[in-house]
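S.K.: One structure coming up, written as structure tokens, with questions to follow.
Laboratory data are not the source of any read-out in this text; all were calculated from the coordinates shown. Since the structure is predicted, the reported quantities are computational estimates derived from the model, not experimental observations. Backbone-built Cβ (ideal geometry, glycine too); neighbour counts: all protein chains shown.
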Amino acid sequence: MLKNKKVFITGGAGFIANRIIGELIEENKIIAFDNFHRDTLSSSAYAEHPNLKRLPT
């Protein structure tokens, strides 16, 4: 899997992106790009993780 990368994920607050972020967040920097209308990201275990940056549309 990826390590020490910056990963830009469109639709970052959606269901599929949430699963991808969960797999990648410990060893990568994640940028989640979304309008955050359906924000599944806020209720996730890693919502406040230091490797996660939210980028609203």
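S.K.: Taking 8 Å as the Cα distance limit and 6 or more residues as the minimum spacing, I'd like the relative contact order of segment 6-56 as a percentage. If you can, show how the numbers build up before the last one.
M.R.: Details: 79 pairs, mean separation 21.3, N = 51.
For segment 6-56, the relative contact order is 42 percent.
S.K.: What is the set of long-range amide H partners of Ile30 at a cut-off below 5 Å, with H atoms built 1.01 Å from backbone N?
M.R.: Counting only residues 5 or more places away or on other chains, the set is Val7, Leu52, Lys53.
S.K.: In nanometres, what is the gap between the two model label sites at Lys6 and Glu48, each 7 Å from Cα along Cα-to-Cβ?
M.R.: Roughly 2.6 nm, to one decimal.
S.K.: Per residue of segment 11-17, what does 6.51 cos²θ - 1.76 cosθ + 1.60 with θ = phi - 60° give for ³J(HN,Hα)? Whole Hz please, x for Gly and Pro, Karplus curve as stated.
M.R.: x, x, 9, x, 4, 5, 4
S.K.: Here's something else I'd like to know. Are there trypsin sites (Lys or Arg not before Pro) in the chain that DSSP marks as loop and that have at most 14 other Cβ atoms within 10 Å, and which are they? Walk me through the intermediate numbers first.
M.R.: Numbers: sites: Lys3, Lys5, Lys6, Arg19, Lys29, Arg38, Lys53, Arg54; in loops: Lys3, Lys5, Arg38.
Of the trypsin sites (Lys or Arg not before Pro), the ones in loops of the chain whose Cβ has at most 14 other Cβ atoms within 10 Å are Lys3, Lys5, Arg38.
S.K.: Rounded, prolate or oblate, given the Cα gyration tensor of the chain, with a/c below 1.5 counting as rounded? Show your work: numbers first, answer last.
M.R.: Working: a/c = 1.72, a/b = 1.51, b/c = 1.14.
Verdict is prolate for the chain.
S.K.: Ordered by residue, what ³J(HN,Hα) values in Hz, to whole numbers, does segment 24-36 give under the Karplus form 6.51 cos²θ - 1.76 cosθ + 1.60, where θ = phi - 60° and Gly and Pro are x?
M.R.: 9, 5, 5, 10, 9, 8, 10, 10, 9, 9, 6, 8, 6
S.K.: Please find the FRET efficiency linking Glu26 to Leu55, where r is the Cβ-Cβ separation and R0 is fixed at 30 Å, and quote it to the nearest 0.05. List each step's numbers first, then the result.
M.R.: Working: r = 20 Å, r/R0 = 0.67.
Here the calculated transfer efficiency is 0.90.
S.K.: When only DSSP loop residues count, what GluC sites (Glu not before Pro) in the chain have their Cβ near at most 16 other Cβ atoms within 10 Å? Mind showing how you got there, number by number?
M.R.: Numbers: sites: Glu23, Glu26, Glu27, Glu48; in loops: Glu26, Glu27, Glu48.
Here the GluC sites (Glu not before Pro) that fit, given the DSSP loop and packing criteria, are Glu26, Glu27, Glu48.
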